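The values are calculated or read from the model by the stated rules, or taken from the named source; none is laboratory data. All figures in this text were calculated on a predicted structure; none of them were measured in a lab. Counting neighbours? That spans all protein chains shown, and the Cβs are built from the backbone with ideal geometry, glycine included. For the accessible areas, the whole protein counts, side chains as well, though only heavy atoms, and no ligand, DNA or RNA atoms are used. Shrake-Rupley method; radii C 1.70, N 1.55, O 1.52, S 1.80 Å.
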Amino acid sequence: MNMSVNIAGVELKNPVTVASGTFGSGMEYGEYVDLNRLGAVTTKGVANIPWPGNPTPRIAETYGGMMNAIGLQNPGLDTFVKRDIPFLKQYDTKIIVNVCGKSEADYVDAVEKLGEQPVDLLEINISCPNVKEGGIAFGQVPASAEAITKAVKKVAKQPVIMKLSPNVTDITEMAKAVEAGGADAVSLINTLTGMKIDVNRRTFAVANKTAGVSGPAIHPIAVRMVYQVANAINLPIIGMGGIRTAEDALEMIMVGASAVAVGTANFNDPYTTIKVIDGIREYMEKNNVADIKELIGCVR
């Protein structure tokens with residue numbers, strides 16, 4: 001039974017990775033999860049310089065999920081290269097580095113430096129604010145998304161996955177824009193923008209006022225968007241958004257995702273990724289599916 005999948009020329013032993021920002025850079029979950037079993041580890045967002053993140057409180061629970069406004073806090077690329085890459089290289093898993101930046105120059109600098117590192121894929125988080133455009137996310141304007149993709153591809157040594165924001169009118173327009181910019185793959189969806197009020201304190205539950213909503217409640221929206229993108233472009237897709245069971249993952253795969261990422265569920269149950277991998281295998285055995293590729297995009 002073959003569970004391996006191919007993302008832009010990189011072979012993953014199975015289609016399961018983790019969503020950026022929910023798994024640290026692997027070290028934090030190493031005591032609970034055998035990282036050798038994952039198709040890939042996707043790291044927390046890394047910028048060319050350290051970012052302090054947003055003021056607290058930065059997390060709030062919601063019905064069927066959570067919301068966060070961490071602000072992409074990270075120790076910067078130098079620390080990541082010295083500490084996290086050597087840790088991950090001990091394991092038989094692919095390494096996907098999530099890259100963030102506040103300007104085109106930030107992204108290019110980080111991607112250029114990562115070109116010298118032994119990592120397999122780069123996931124570019126274009127939900128970061130485009131400083132020159134007054135804080136609008138790169139991923140909300142097709143022309144900006146295409147431009148940042150082109151800029152990154154010019155210097156990238158590894159295949160580039162563009163991570164799409166769902167906070168747009170038409171996700172297929174964004175997908176087509178990054179495809180035109182030369183992206184090797186896409187991942188979706190990032191969090192949906194939400195707001196929660198603490199009625200007892202009569203103020204915002206999160207200091208940032210708005211925050212990204214994730215978890216099971218957003219899963220049907222994510223499946224719909226993966227389906228739309230799979231039918232709009234010809235790039236491999238990593239699907240994510242509220243996956244907590246093998247069935248959730250299989251939905252994403254059947255509408256066109258080549259791989260899936262488990263996110264918020266990791267906080268609730270650190271073993272979720274392993275349960276999803278085992279559950280997909282059990283489904284394949286039960287339904288006489290010899291190769292996972294038979295399931296990718298089988299629902300059109």
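Inter-label distance, Arg300 to Glu116: 4.7 nm, where each label sits 7 Å from its Cα along the C-beta direction. When the chymotrypsin sites (Phe, Trp or Tyr not before Pro) in the stretch 1-64 are filtered for DSSP coil states and for at most 10 other beta-carbon atoms within 10 Å of their beta-carbon, the remaining sites are Tyr63.
If Lys and Arg each add +1 and Asp and Glu each add -1, what is the summed charge of the other residues whose beta carbon sits under 14 Å from the beta carbon of Gly64?
Details: positive: Lys196, Arg244; negative: Glu61, Asp248.
The answer is 0.
Classify the chain from the C-alpha gyration tensor, please: rounded if a/c falls under 1.5, else prolate or oblate depending on whether a/b exceeds b/c. It would help to have the intermediate numbers written out before the result.
Numbers: a/c = 1.29, a/b = 1.17, b/c = 1.11.
Note, shape of the chain comes out rounded.
Name the trypsin sites (Lys or Arg not before Pro) in the stretch 106-181 that are in a loop by DSSP and that have at most 13 other C-beta atoms within 10 Å, would you? Intermediate values should be presented prior to the final figure.
Numbers: sites: Lys113, Lys132, Lys150, Lys153, Lys154, Lys157, Lys163, Lys176; in loops: Lys157.
Of the trypsin sites (Lys or Arg not before Pro), the ones in loops of the stretch 106-181 whose Cβ has at most 13 other Cβ atoms within 10 Å are Lys157.
Rounded to the nearest 5, what % of the DSSP beta bridges within the chain are antiparallel ones? Numbers along the way, then the final one.
On the way: 19 of 44 bridges.
Around 45 percent antiparallel, to the nearest 5.
With protein chains left intact and a 1.4 Å probe, residues in the stretch 157-300 average 43 Å² of accessible area per residue.
Our compactness index for the stretch 158-239, the C-alpha radius of gyration over the empirical 2.2 N^0.38 Å, is 1.31.
P(r) tail for the stretch 25-148: Cα pairs beyond 24 Å make up 35% of the total. The amide H of Val46, built 1.01 Å from its N in the peptide plane, has Asn98, Val99, Cys100 as neighbours under 5 Å, considering only residues 5 or more places off or on other chains. Distance from the Cα centroid of the stretch 96-175 to that of the stretch 246-268 is 22 Å (rounded to whole angstrom). The GluC sites (Glu not before Pro) of the stretch 1-107 meeting both criteria, a DSSP state outside H, G, I, E and B (loop) and at most 12 other C-beta atoms within 10 angstrom of the site's C-beta, are Glu31.
What does the charge count around Gly194 come to, taking other residues whose C-beta lies under 13 Å from its C-beta (Lys +1, Arg +1, Asp -1, Glu -1)? Display every interim value, and only then the final one.
Details: positive: Lys196, Lys209; negative: Glu61.
Result for the local shell: +1.
Measuring r between the beta carbons of Ala147 and Glu31 and using R0 = 41 Å, the FRET efficiency lands at 0.45. Gain on full extension, evaluated as 0.36 nm per residue between Ile59 and Thr169 minus their Cα-Cα distance, stands at 37.0 nm. The residues of the stretch 1-149 expose, per residue, 42 Å² of accessible area to a 1.4 Å probe. Counting Lys and Arg as +1 and Asp and Glu as -1 over every other residue whose Cβ lies under 11 Å from the Cβ of Gly9, the net charge comes to -3.
Mind scanning Lys94/Lys176; Lys94/Lys157; Lys89/Lys157 and naming the pairs with a C-alpha gap bigger than 21 Å?
Beyond 21 Å: Lys94/Lys176.
Surface composition of the stretch 145-286: carbon and sulfur make up 48 percent of the accessible area, probe 1.4 Å.
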